[in-house]
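In what follows, a structure is listed as structure tokens, so that the remarks can point back to it.
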Amino acid sequence: MKLVILAALTLAALTSAARADEGDDIREAGKTEAETFNARMYAGPPGDKAYACFVRRYDADHLARHPKQKVAAMKLLISAEVDKEDKELHNSFRLGFRYRHRSGDFDSSGSCNHAVFAKSGNEVRLGCGVDCEGGGIGVALSRDDKSAIVRLERVRVWQNNKPDDDAEHSLVAGADDRIFRLDRTDNSECASLVTDRKELAALRHK
């Protein structure tokens with residue numbers, strides 16, 4: 001039951017993110033389509049565990065051309081792991097970013113649903129959501145698989161890894177904060193998003 005509820009919440013989060021961009025509708029990808037997308041995401045079949053790291057640090061020129069953009073830097077870690085109970089591959093995300101005019105590091109994390117297709121059929125996305133109606137993000141790939149395209153409407157975030165009410169905020173889409181293009185890079189660049197020592201060791205060896 002817990003997995004069913006989580007899947008429903010995650011799909012709802014993606015639906016919100018997808019429809020925020022040009023009113024897209026979505027459909028769930030088939031097994032072969034999902035496997036193809038996972039192989040693209042993780043630069044090969046993910047196996048029992050895999051990671052993909054994407055980073056963007058916006059320079060002064062970019063920020064000058066996008067004066068309403070609130071985000072100055074962003075990191076995204078997508079991970080996959082085979083569940084010991086259902087033997088299925090499950091994706092999750094960790095998002096870290098810094099505001100343009102606000103100090104501190106902010107982060108978010110949650111689970112991702114199966115890959116879905118946008119109505120146009122030209123883009124496959126992962127729908128990722130935060131528990132307890134925390135919003136979510138949609139994650140697609142560029143055609144050459146070298147970048148992640150992150151779409152959001154609202155996602156709950158915390159400051160400096162403090163998951164409590166006082167530190168809780170939301171990153172809300174604005175005129176220049178609705179779609180982010182992040183470049184694929186070495187997994188070590190996303191190490192700051194991982195707090196578990198065993199997972200950190202696994203990340204550095206992938």
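The values are calculated or read from the model by the stated rules, or taken from the named source; none is laboratory data. All values reported here derive from a predicted model rather than from experimental measurement. Positions of Cβ are backbone-derived with ideal geometry, glycine not excepted, and every protein chain shown enters the neighbour counts. All accessible areas refer to the heavy atoms of the entire protein, side chains included, with ligands and DNA or RNA removed. Shrake-Rupley method; radii C 1.70, N 1.55, O 1.52, S 1.80 Å.
Of the strands (runs of 3 or more DSSP E) lying entirely inside the stretch 89-146, those carrying at least 1 residues that are in contact (Cβ under 8 Å) with a residue 40 or more places away in the chain, among the charged types (D, E, K, R) and open to solvent by less than 40 Å² (accessible area, probe 1.4 Å) are 106-118, 124-129. Scoring Gly47 on the criteria (1) open to solvent by less than 20 Å² (accessible area, probe 1.4 Å); (2) on the phi > 0 side of the Ramachandran plot; (3) of a type outside the set (D, E, K, R) leaves a single failure, condition (1). I'd like to know if the stretch 187-205 contains one or more residues that are within 15 Å of Leu76 (Cβ to Cβ), at pLDDT below 75 and either hydroxyl-bearing (Ser, Thr, Tyr) or not in a strand (DSSP E or B) (or both). Checking the stretch 187-205: at least one residue is within 15 Å of Leu76 (Cβ to Cβ), at pLDDT below 75 and either hydroxyl-bearing (Ser, Thr, Tyr) or not in a strand (DSSP E or B) (or both).
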